[in-house]
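**Student:** Dropping the structure in here first, questions after.
All of the numbers you see were taken from the coordinates with simple rules; none came from a lab. Since the model is a prediction, treat every value here as computed from it, not as a measurement. Positions of Cβ are backbone-derived with ideal geometry, glycine not excepted, and every protein chain shown enters the neighbour counts.
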Amino acid sequence: MPRDEIPPGTLYMLILKTLARGGEMHGYEIANSIQATSFQVLLVEEGSLYPALQRMLVKGWVTAQWGTTSGNRRARYYHLTAAGRKQLNVEVSQFERVTGAVARVIGTA
Amino acid sequence: MFERVAEQYRKLRALLQRKRLHRDFEQEVRAHLELRAQEYAERGAAPEEARRLAERRFGNRLALSEQAGDAWAMPRLEGVFQDLRYGARGLCRNPVFSLTAVAIIAAGIAATSSVFSVVDRLLFRSLPYPDSDRLVSVGIIHPLLDGEFLVSGDYFHLRAMETPFTALTSWRGAARCDLTEEHPQILSCAPVESTFLPAFGIAPVLGRNFTNGEDQANARKVALISYGLWQSRFGANPAAIGKTIPIDGVPTEIIGVLPRDFELPTLQRADLVVPQAVPFRTPSQGTPLRVFGRLKNGVTVEQARAGLGPFFHSAMAFINPRERAAARVALRSVRDFQIQDVKLASWVLFGATFAILLIVCANAANLLLARSAARQRELALRVALGAGRARLVRQTFLEALLLSAFGAAAGCALAALLLRVFKLVAPATIPRMEQAALDGRVLLFTVSTTLLCGILMGLAPAAVSPRPEVLTGWRASSCPRIGVRRFLTTAQIAVSLILLSGAGLLLETLWRMQNVAPGVNTGQVVTADITLGLERYPNSLRREKFFDDLLARLRANPLVASAALSDTVPPAGFVHNRPFFVLQVPGQPLLERGEGGVAAWRSISPDYFAALQIPILRGRGFREEERASREQTIVLSASLARRLFPNQDPIGRVIHFRPDGPDDTVIGVAADVDNSGIPGHPDPEYYLLRRSVTDPQAGANVSLAARALHVYDGEACLTVRSSARAGVVADWIRTEVAALDPTVPMTIATMRQRVRGMSDRLRFNAILLTLFALIGVLLAASGLYGLISFLVVQRTGEIGVRMALGATPARIARLVVDDALGWTAAGIAIGLAGAIVTARSLRSILVEVRAGNLVLFAAAALLLFGIALAAALLPSLRASRIDPIQALRRE
């Protein structure tokens, strides 16, 4: 099955949206969730997922806490903050504006 | 904006838990890999293969971890930390340099902080009254009394006027009073107007203030007691309110307790605050009152002074027109009123500490410069490797600040110690000394001086940038910073000279004060102030008998040379006086009312002149048998005799006390005694015989009453001259007094202590300033020594060449010394100019010393020059012993 890289600049938005939908999740779950909800189209490059999460921690969009998985493993769970929710709205509306514009350009061609 | 701050805060917190952050990240990634491997394994891969697949899907872990770390990075702050670590390591590598610098800075900061903790209370901190900067003291300054006052009639006039004050009040100054109970106690009473406490914004912690109705002469006596008295005498029992205690034999009801921090505007002790009951008078009449007002909002002191101009003009009416030139109007803040004569001294000390701080900074900067010169290669290397100028400057500043921080820590400890020493040596007359402490304000001051010091220190080395050419050249010398270092050394010498000459002036004043003959022989005299309470000694006869018995008992001791009684003793403290115009010599023109200043007087027993060894210049002193006679005799001081009887023999002449006093016959002239508090400037004085007052009611004492203005004869000062040790004599006095009446309170001091008390404050200033001057000179000398040693090391090669070309060691030594002395001379010239300016501003606290004392300045300059020469000599000798072969080989 062909898999596409995530378009540049949308990783934050995808993580934020995933967390907004699924509540608390650890990194592995986030990666899998993005893959699953995009019907296996979007492949998260795991190497960039974790640094992105660190930057989001710095920005205060998410908080992290250690917990245990259903399989009884230790994992770090991420949680959306109010600032993160606000950021999600900003990014989504920006993304929609851009894709809308792109779609119009392609449509007229 | 807020988000950015929050982000920085999160980063800052992360900075402190770097390790945890890193560990979390590692564990997180490992957990992810394991989960992924498990997923592959569940799909059927072998465990090894599953792990490999998971790793491959994840990507480069190492680069990843670095990226994650970057998210948290604070490059600037971390750069500072790095520089700090680097600086600290550098300082540790060079412990002699670091310790010297820290010690120098510590000395400077200790001196400034400890002195600041003392002067802060005097000059800057707010007084314990609400809105204290609006409180002013109002009055007229005239030689009659110390400090400004208004006569009561004028005060009532002022009250009735439209004034720039929201409140106006008066009091009469603290006076001693006695609690005449079973355990008698000498107390300090403050007679005040009923408006006094409200005007100052003071509310009693218990009970109430007295009313205007209670502030009348015939009212029932009431009093507020101090917090301390309430604690000590009444065990802090609220039931003390309403109790009646005998004050000077008069039953007085306690109606209130003053707050713990209560303070009189004169800073005198007050155990009791009582109504002053000053009767209404018409203007220009009445008793002197100390007047305080609270300025209306927005009114400045100058505006109030101008607005009250007409009033002040009328308030001077009681002074004789010819004397009015000596009178001044005073309207000043309570703070200025309180520290009147210490104000200048405080500023002098404060200035001196800043001078020390400057020297310290200059010295430390010099050390840093020397170090940076030695590190030129290192710095140049760093520049060559790409370090920016800003980075190097920051590095230099951080090092300076690091040194200052360590210096400040050591300095604080030293300051606490110094403050203890101050408190030990400080005289009781320096106001608020006991309150001085190293608290938050002082620490804040210390921190800011430390920063200032660090910046000043860092400035010099940072100003000179290292040049990469140093690396290519074959020696690192002749850099511009030598100029900076010479300048700094010159400045140090100049400032030390100012300090040295200032200290010299104070010391000379002190020396003069102690060596001006006070007119009395202070050796081997012990004094005791004795008070007899009215309750146990209700009449004059009982009081006289007590004193007669006491003198007889003391004289029975074969080791007591003489024992005398008087109402007061010179030189310090209180002395009775009368306006000069009341003394009239028949046949001479009358002085006008208020003209001529005042004459001091004492009532003495016949032995007084013998006990204090005051020579009788003409005629004779009083005789014992005269005490019973009705003959009125008087002894004049030499200056009074000269003034009343210029070029005439006063013996046998008569002095009339106006308007209806007695006629006293002059029987003798005694030598002048220092009685004014200013050595060498005795006020005119006369002596009356302390004699038996047979029956006050019958009027037999009219003459004494007229002359003595109702001086209470139960208070006296006993003076005992004996060859025995002072402690032993004091014990004799205590024993004899106790044998007569164990309840009599008294204060014992040697005459010498009393005289010393006069110059205590000056001594304190002189000691401090001398200390500062010594520190300054020492630092300047070490700075000069350091500079010249450094120059010698730098010029080793040049000296080697000179020697190889035939210069003698003596010439080499002179070369070095000449250079040093040139800079010293420049410093001394600048310092002398500064010293003359300083001396001018010091004029008012220098007694008998001309401010432009050239001999003293020359001596200070010479001393400094000598010290500089010594400091220069050592390195120059080293220079003259340089082996040319070695020196040239080193290059």
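**Student:** Between B:V837 and B:R752, what length comes free when the chain is fully extended (0.36 nm per residue of separation minus the Cα-Cα distance, one decimal in nm)? Show your work: numbers first, answer last.
**Tutor:** Details: separation 85, 0.36 × 85 = 30.60 nm, distance 3.53 nm.
Between B:V837 and B:R752, full extension yields an extra 27.1 nm.
**Student:** If you plug each phi of the range A:18-31 into the Karplus form 6.51 cos²θ - 1.76 cosθ + 1.60 with θ = phi - 60°, what whole-Hz ³J(HN,Hα) values come out, in order, with x for Gly and Pro?
**Tutor:** 4, 5, 5, 7, x, x, 6, 8, 9, x, 4, 4, 4, 4
**Student:** Moving to a separate point now. Taking the Cβ of B:D83 as the centre, find all other residues whose Cβ is under 13 Å away and add up their charges (Lys, Arg: +1; Asp, Glu: -1).
**Tutor:** Details: positive: B:R76, B:R85, B:R89, B:R382, B:R391, B:R394; negative: B:E78, B:E399.
Taking every Cβ under 13 Å from that of B:D83, the sum is +4.
**Student:** Is the C-alpha gyration tensor of the protein assembly as shown telling us rounded, prolate or oblate? Criteria: a/c under 1.5 is rounded; beyond that, a/b larger than b/c is prolate, otherwise oblate. Before the final figure, lay out the partial values.
**Tutor:** Working: a/c = 3.15, a/b = 1.85, b/c = 1.70.
The shape class here is prolate.
**Student:** Further question on the same structure: Once the dipole of the range B:8-128 is set up with Lys and Arg at +1 and Asp and Glu at -1 on Cβ about the Cα centre, which of B:Q82, B:F58, B:V118 lies farthest towards its positive end?
**Tutor:** B:V118
**Student:** A follow-up question, please. Treating only the Cβ of Lys, Arg, Asp and Glu as charged (+1, +1, -1, -1), what charge dipole size does the protein assembly as shown show about its Cα centre? Round to the nearest 20 debye.
**Tutor:** Numbers: 113 positive and 85 negative charges, 741 e Å.
Using Cβ point charges on Lys, Arg, Asp and Glu, the protein assembly as shown gives about 3560 debye.
**Student:** May I ask you to order B:93-100, B:559-566, B:793-800 by the average number of other C-beta atoms within 10 Å around their residues, highest value first? Walk me through the intermediate numbers first.
**Tutor:** Working: B:93-100: 13.1, B:559-566: 20.9, B:793-800: 19.1.
Listed from highest to lowest mean packing, they are B:559-566, B:793-800, B:93-100.
**Student:** Which lysines have a Cα less than 23 Å from the Cα of B:K221, not counting those fewer than 8 places away in the same chain?
**Tutor:** Partners found: B:K243.
**Student:** Then there is this: Which percentage, to the nearest 5, of the DSSP beta bridges contained in the protein assembly as shown is antiparallel? Don't jump to the answer; show the numbers that get you there.
**Tutor:** Numbers: 76 of 96 bridges.
Here the share of antiparallel DSSP bridges comes out near 80 percent.
**Student:** Here is a further query. Quick one: which residues, 5 or more positions from B:V222 or on another chain, have an amide H under 5 Å from its amide H? H modelled 1.01 Å from N in the peptide plane, none for Pro or chain starts.
**Tutor:** B:E253
**Student:** For A:M25, enumerate residues with amide H under 5 Å from its amide H, sequence gap 5+ or separate chain, H modeled in the peptide plane.
**Tutor:** A:Y78
**Student:** Enumerate the calculated ³J(HN,Hα) couplings along the range B:497-505 in order (Karplus 6.51 cos²θ - 1.76 cosθ + 1.60, θ = phi - 60°), each rounded to whole Hz, writing x wherever the residue is Gly or Pro.
**Tutor:** For the range B:497-505, the Karplus curve yields 5, 4, 4, 4, 6, x, 4, x, 4 Hz.
**Student:** What is the distance in Å between the Cα centroid of the range A:19-58 and that of the range B:771-835?
**Tutor:** If we compute the Cα centre of each part, the gap is 73 Å.
**Student:** Only Lys, Arg, Asp and Glu count, each charged at its Cβ (+1, +1, -1, -1), so figure out the dipole size of the range A:4-108 about its Cα centre, rounded to 20 debye.
**Tutor:** Values: 11 positive and 8 negative charges, 79 e Å.
Here the range A:4-108 has a charge dipole of around 380 debye.
**Student:** In nanometres, what is the gap between the two model label sites at B:L559 and B:R324, each 7 Å from Cα along Cα-to-Cβ?
**Tutor:** 6.1
**Student:** Can I ask one more? Relative to the Cα centre, what is the charge dipole magnitude of the range B:119-254, using +1 at the beta carbon of each Lys and Arg, -1 at the beta carbon of each Asp and Glu, and rounding to the nearest 20 debye? Walk me through the numbers before you get to the answer.
**Tutor:** Details: 11 positive and 15 negative charges, 59 e Å.
For this selection, approximately 280 debye.
**Student:** Using the number of other C-beta atoms within 10 angstrom as an exposure proxy, rank B:I493, B:I667 with the fewest first.
**Tutor:** Numbers: B:I493 30, B:I667 23.
By the 10 Å Cβ count, ascending, the order reads B:I667, B:I493.
**Student:** In nanometres, what is the gap between the two model label sites at B:Q303 and B:V80, each 7 Å from Cα along Cα-to-Cβ?
**Tutor:** In this crude spin-label approximation the distance works out to 4.5 nm.
**Student:** Any chance you could run the full-extension gain for B:S232 through B:A390? It's 0.36 nm times the residue separation minus the Cα-Cα distance, nm to one decimal.
**Tutor:** On the way: separation 158, 0.36 × 158 = 56.88 nm, distance 6.50 nm.
The B:S232-B:A390 span can extend by a further 50.4 nm.
**Student:** Show me the ranking of peptides A:33-43, B:713-723 by mean Cβ neighbours inside 10 Å, starting with the highest. Spell out each step's value before the answer.
**Tutor:** On the way: A:33-43: 14.8, B:713-723: 21.8.
Going from most to least packed, we get B:713-723, A:33-43.
**Student:** Taking the Cα centre of the range A:4-108 as the origin and placing charges on Cβ (Lys, Arg +1; Asp, Glu -1), which of A:P51, A:T37, A:N89 is farthest toward the positive end of the dipole?
**Tutor:** It is A:N89, whose Cα lies furthest towards the positive end.
**Student:** Also: Select from B:A739, B:A190, B:I104 the residue farthest towards the positive end of the dipole of the protein assembly as shown; place +1 on Cβ of Lys and Arg, -1 on Cβ of Asp and Glu, and compute about the Cα centre.
**Tutor:** B:I104
**Student:** Next question, about the same structure. Can you return the aspartates and glutamates within cross-link range of B:K296? Criterion is Cα-Cα under 13 Å, with same-chain partners fewer than 8 residues away left out.
**Tutor:** Within reach: B:D131, B:D133, B:E162.
**Student:** What does the charge add up to near B:E253, with Lys and Arg as +1, Asp and Glu as -1, over the other residues with Cβ less than 9 Å from its Cβ?
**Tutor:** +3
**Student:** Explain nothing, just compute: Karplus ³J(HN,Hα) = 6.51 cos²θ - 1.76 cosθ + 1.60, θ = phi - 60°, for every residue of the range B:626-643 in order, whole Hz, x for Gly and Pro.
**Tutor:** Result, ordered by residue: 5, 4, 8, 7, 9, 5, 9, 10, 8, 10, 9, 7, 4, 6, 5, 4, 4, 6 Hz.
**Student:** Within 10 Å of each residue's Cβ, count the other Cβ atoms and sort B:W732, B:W601 from fewest upward. Before the final figure, lay out each step's value.
**Tutor:** Details: B:W732 20, B:W601 26.
Ascending Cβ contact count within 10 Å gives the list B:W732, B:W601.
**Student:** While we're here: For the pair B:L877/B:R20, report the inter-label distance in nm, with labels modelled 7 Å from Cα in the Cβ direction.
**Tutor:** Inter-label distance under the simple model: 6.3 nm.
**Student:** Next question, about the same structure. Given H placed 1.01 Å from N in the peptide plane, which residues other than close sequence neighbours of B:D178 have an amide H under 5 Å from its amide H?
**Tutor:** Amide H neighbours of B:D178, under 5 Å, 5+ apart: B:L187, B:D248.
**Student:** Taking a point 7 angstrom from the Cα of A:L43 along the C-beta vector, which residues in the range B:46-84 have backbone N less than 18 Å away?
**Tutor:** B:50-61
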